[in-house]
Each structure stands twice: as structure tokens, then as C-alpha cells.
Amino acid sequence: MSATHKSLDVVRSYYEEAVKVLQVNEGVASLIWSTDREIRVQIPIVRDNGVLEVYKGYRVQHNNARGPYKGGFRYHPTVDAAEVTALAVLMTLKTALVDVPFGGAKGGIAIDPKKFSQRELEQITRRFTNGIMPVIGIYEDIPAPDVNTNPQIMAWFMDEYSRKHGYSPAIVTGKPIEVGGSQGRNEATGLGVAIVTEQLCKTLKQDLKGKTVIIQGYGNVGSNAARCLAERGAIIVGISDVGGGKYSPKGIDLEKALQVQKEDGSLQKLDSAESLTNEQLLEKPCDILVPAALDGVLTGENAPRIQAKMIIEGANAPTTDDADQIFEQRGILVVPDILANAGGVTASYFEWVQNLQQLSWPLDEVRHRLQIKMTSAFEATWKMAQKYHTTLRKAAYLLAVKRVADATVLRGYH
Ligand code: NAD
């Protein structure tokens with residue numbers, strides 16, 4: 001693996017520790033760590049003003065020992081081979097941990113989508129689809145949305161692929177319902193956060209009902225997690241968006257927050273709660289903290305002041321290495337990202353299954369199946385943590401690496 005990225009270094013250190021504890025054969029460990037395929041494609045586009053520009057697109061297929069490659073693609077100026085590779089490795093671990101029959105991949109294009117018209121975005125998406133067409137397939141590699149890509153972009157992706165291969169909704173997940181998307185996909189990551197939080201409380205013989213929760217980020221993951229946790233009796237005392245935080249010890253009116261956000265594009269006019277910065281909000285009193293916005297927000301600097309007793313990682317990589325060690329010393333339980341936010345990829349798996357069978361499940365069935373998958377992933381991780389006397393993060397890595405290694409050995413290498 002040639003690419004380097006700070007999150008890849010962190011993932012690598014957990015991976016190497018897991019390999020050592022599990023006594024995975026050295027060759028197998030190196031085979032799993034290496035990416036299977038990394039491709040870079042050229043994306044020429046004629047802008048609305050007639051100027052020809054060329055962008056770079058990436059698809060990194062990390063590992064398919066347990067099933068077809070799976071992972072989103074993002075449109076963001078910082079996208080490069082290293083970032084995509086780190087995210088692809090995480091997908092391999094995440095799909096193994098929730099035990100869905102997929103491997104791991106990731107992709108992206110280095111653009112800021114806000115600077116393009118809808119016509120230009122459609123052209124970019126179709127050229128990207130064509131560029132990676134030789135290496136994807138409904139049993140080969142199934143992309144999905146990620147940062148700045150949405151159901152409309154997935155619909156263009158599906159349409160372009162289907163022009164060459166016949167109607168193929170199973171080529172991509174996160175589609176609009178009208179063209180084969182699944183009920184419940186939109187809420188799935190937030191619902192998964194609520195399910196694992198409830199399981200953690202049950203395991204500790206505590207009641208989620210009445211526990212106070214602060215959520216950083218009120219986007220897809222944060223707002224759905226807030227609603228699903230409140231439905232289970234938790235009191236959401238803090239929420240935030242890019243403009244800052246809102247805190248109310250009596251509980252935030254979530255309906256009102258959604259309404260203000262819809263009307264104003266921001267939470268800042270929610271006047272029934274105290275305004276504070278995102279940094280201050282993280283340090284306010286609560287039982288449960290859910291970072292659901294950015295990576296690296298819980299650091300060695302603020303970790304000693306965090307008052308929550310449980311941290312549920314809705315975002316990817318919100319906790320730095322130093323912070324993780326401080327939380328472990330302070331006895332604060334951290335449910336790691338590869339478990340806590342795996343509800344999205346699990347619902348993507350359900351979408352793929354429905355597409356292959358040309359069926360459409362009702363919302364209740366999606367929710368019920370998500371409950372089963374997330375609960376069993378949580379229980380298996382907890383058991384691993386008990387067995388090895390370790391943290392939930394290290395246990396999640398042990399479980400995921402073991403599953404990928406077992407599949408690799410069983411399938412053989414020739
Ligand atoms: P989103 O764009 O819907 O919401 C992001 C939220 O974070 C918004 O409320 C935004 O205002 C807030 N935010 C942005 N910058 C901020 C800042 N500097 N400080 C505080 N808040 C800020 O994104 P999302 O889909 O909810 O994803 C959030 C996180 O969850 C990301 O780390 C993403 O990778 C991860 N994740 C998402 C999914 C999914 O299915 N959407 C699945 C797995 C992981």
C-alpha cells in the first residue's frame with residue numbers, strides 16, 4: 001500500500017495489534033492489509049461556459065475476501081489516493097464487523113460540488129461511472145453515497161451503468177426510492193447509533209430512559225440519532241451544527257430544531273436553548289456524547305474535560321489516539337465508529353438484497369432487520385472485549401480482522 005494518510009496510520013496500529021493478538025500468519029496479515037486494486041481515472045468535462053476542464057477520480061478496492069467490494073464515493077476538494085485508501089480499509093473492517101457479505105472499497109473525485117451546475121455534476125458522475133466501469137459490477141463492487149454525494153448522483157450512476165448492462169439497480173445503493181432505493185436507508189446510520197446505545201445501557205444494566213445526551217452535528221446522522229434516542233426515552237440536552245451549539249438541561253425541542261434548520265438553514269435561531277460554541281458543547285454535563293459531524297474533535301487536549309460517561313462515535317474517526325487513551329484511563333466507554341455508525345452500510349446491504357430479488361421491503365422490516373444486525377454486532381464486540389480484557393475499539397478490530405483473516409484462509413490464495 002503506497003498511500004499514507006493520518007487516519008491510515010491510526011487504523012494500521014490497531015490492525016497490527018489485532019493481528020498480533022490473534023496470531024494471524026504474517027503473510028496473511030500482509031495480504032489483507034494490501035489493497036487489491038487502486039485506480040485513477042481522468043474526468044474531462046465541458047463547463048457551462050464552454051471551457052474544457054479535467055478532474056481526477058479514484059476507486060480503491062481494498063479487500064473482497066468476504067464478498068463484493070462495498071463503499072461510497074465522495075466529491076470533495078481534499079480527495080486523493082491516500083484518503084480514499086484509508087477509508088477503503090475501514091470499510092473492509094466495518095462490513096466484517098456487522099457481518100454483511102461485503103468487502104471494502106472507497107472512491108471519490110477531487111472537486112467542490114457547490115461550484116458546479118446540476119448538468120455539470122451529471123456529466124462528471126457519468127464520466128466517473130464509465131471510468132471505473134471495467135472494475136465494478138453487481139457482484140464485484142457496489143458503490144454508495146458519501147460526503148457531498150446524494151441519491152440523485154446515485155440515480156445517474158445507476159442509469160449510466162444500466163445503459164451498458166441492462167437495468168441494474170443493484171450496482172449502487174443509496175438510490176432514491178423511485179429507482180430501487182430502500183425504505184429506511186436515510187435514517188439507518190442514526191437509528192444504528194440509537195440501537196447500539198440502547199444495547200450498551202442494557203448490558204451495563206442501566207436505563208437509557210432519562211439519560212442525557214449531547215450530539216455534535218445535526219445532519220443526517222445527528223438528527224436521526226437524536227430522534228431515535230429520544231423515542232427510546234433519552235433526553236437530548238445539546239445539539240450543534242457548523243454555526244455552533246445549543247444546550248438546554250431540560251431537553252431540546254427536536255421538532256422545533258428541525259423546523260428552524262429547515263427555514264433558516266441553521267440551528268442558530270433556536271432561541272429556547274443556550275448558545276455556545278461546538279467546543280464548549282462537547283464539555284457540557286451529559287451521560288452520553290455522540291460526535292456526529294467531523295473527525296478528530298475529541299483530542300488529548302479536551303479529553304480530560306469531557307463529562308460524558310459513554311461516547312458513541314456517529315462520525316468517522318472523531319477520537320484521536322491520545323484522547324482514546326485518556327478515555328480508557330478515565331473509564332469512559334467508547335463505542336467505536338466501525339460499530340456505532342455501521343447502520344448505514346447494513347441498510348445498504350438490505351437495499352442490494354432487495355434489488356437482486358426485485359423486492360421492496362416495508363419500513364418495519366428494514367428497521368427490524370437493522371435491530372437484529374446491530375444488536376448482534378454489539379453483543380459480539382462486547383463478548384470479545386470481555387474475553388481479551390480490552391476496549392470496545394480494540395475488540396471491534398479483533399472481531400473484524402478475525403473474520404477477514406478466516407475468510408482469506410478458507411478461500412485460499414492461489
Ligand atoms: P451531514 O452533512 O448530513 O451533517 C453533518 C453535520 O455536521 C451538519 O449538521 C453540519 O452543520 C455539522 N458540521 C459541519 N462542520 C462542523 C463543524 N466544524 N463543527 C460542528 N459541526 C459541524 O453529514 P452526515 O451524513 O450526518 O455525516 C456525519 C458524520 O458521520 C461524518 O463523519 C460521516 O463520515 C459519518 N457517517 C455518515 C454516514 C451516513 O450514512 N450518512 C454513515 C457512516 C458515517
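One table, with the values for the structure above:
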read-out: Computed E for Asn49/Met133 - FRET, C-beta separation, R0 30 angstrom, nearest 0.05; value: 0.60
read-out: Residue-span extension gain [Thr277 to Thr299] - 0.36 nm each, minus C-alpha spacing; value: 6.3 nm
read-out: Long-range amide H partners of Leu294 with built H, under 5 Å; value: none
read-out: Label-point gap, in nm, between Arg411 and Ile372 - each point 7 angstrom along Cα→Cβ; value: 2.5 nm
read-out: Reachable lysines, given that their alpha-carbon falls under 28 Å from the alpha-carbon of Lys284 and they are not under 8 places away in the same chain; value: Lys202, Lys205, Lys209, Lys211, Lys246, Lys250, Lys256, Lys262, Lys269, Lys309, Lys394
read-out: Distance cut-off 21 Å, percentage of C-alpha pairs in the range 188-340 lying past it; value: 36 percent
read-out: Most to least packed among 59-70, 306-317, 372-383, 266-277 [average Cβ atoms within 10 Å]; value: 59-70, 306-317, 372-383, 266-277
read-out: Probe 1.4 Å - accessible area at Arg126, Å² to nearest ten; value: 40 Å²
read-out: Within the chain, percent of DSSP bridges classed antiparallel, to nearest 5; value: 50 percent
read-out: Set of lysines with alpha-carbon distance to Lys164 below 22 Å, sequence-local pairs under 8 removed; value: Lys70, Lys175
read-out: The range 282-349-the range 131-153 distance, computed between alpha-carbon centres (Å); value: 29 Å
read-out: Packing-based order for 23-33, 221-231, 127-137, 48-58, using average beta carbon neighbours within 10 Å, highest first; value: 221-231, 127-137, 23-33, 48-58
read-out: From phi via Karplus (6.51, -1.76, 1.60), per-residue ³J(HN,Hα) for the range 393-403 in Hz, x at Gly/Pro; value: 5, 5, 5, 4, 5, 4, 5, 5, 5, 4, 5
read-out: Gyration tensor over alpha-carbon atoms, the chain, equivalent ellipsoid semi-axes in Å; value: 32, 27, 20
read-out: Largest to smallest principal axis extent of the C-alpha atoms in the range 346-414, angstrom; value: 42, 36, 13
read-out: Computed Kirkwood radius, in angstrom, where 1/r is averaged over Cα pairs of the range 33-171; value: 15.0 Å
read-out: FRET efficiency, Leu363 to Asp112 (Cβ-Cβ, R0 30 Å, nearest 0.05); value: 0.30
read-out: Summed side-chain charge close to Met310 - residues other than Met310 whose Cβ falls under 9 Å, Lys, Arg +1, Asp, Glu -1; value: +1
read-out: Within the range 276-290: backbone nitrogen closer than 13 Å to the Asp264 label point (7 Å, Cα to C-beta); value: 276
read-out: The range 15-28 - phi-based ³J(HN,Hα) in whole Hz, Karplus 6.51/-1.76/1.60, Gly and Pro as x; value: 4, 5, 5, 5, 4, 5, 4, 7, 6, 6, 3, 4, x, 5
read-out: Ordering of 175-181, 116-122, 201-207, 290-296 by burial proxy (mean other Cβ atoms within 10 Å per residue, highest first); value: 290-296, 175-181, 116-122, 201-207
read-out: Residue-by-residue Karplus 3J(HN,Hα) for the range 40-49, coefficients 6.51, -1.76, 1.60, Hz, glycine and proline x; value: 10, 10, 8, 10, x, 9, 8, 5, 4, 8
read-out: Lys, Arg +1 and Asp, Glu -1 on Cβ, resulting dipole of the chain about Cα centre, debye, nearest 20; value: 680 debye
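The values are calculated or read from the model by the stated rules, or taken from the named source; none is laboratory data. Given the structure is predicted, the values throughout are model-derived calculations rather than measurements. Glycine gets a Cβ as well: all are built from the backbone with ideal geometry, and neighbour counts include every protein chain shown. Surface accessibility is based on the protein's heavy atoms, side chains included, excluding ligands, DNA and RNA. Shrake-Rupley method; radii C 1.70, N 1.55, O 1.52, S 1.80 Å.
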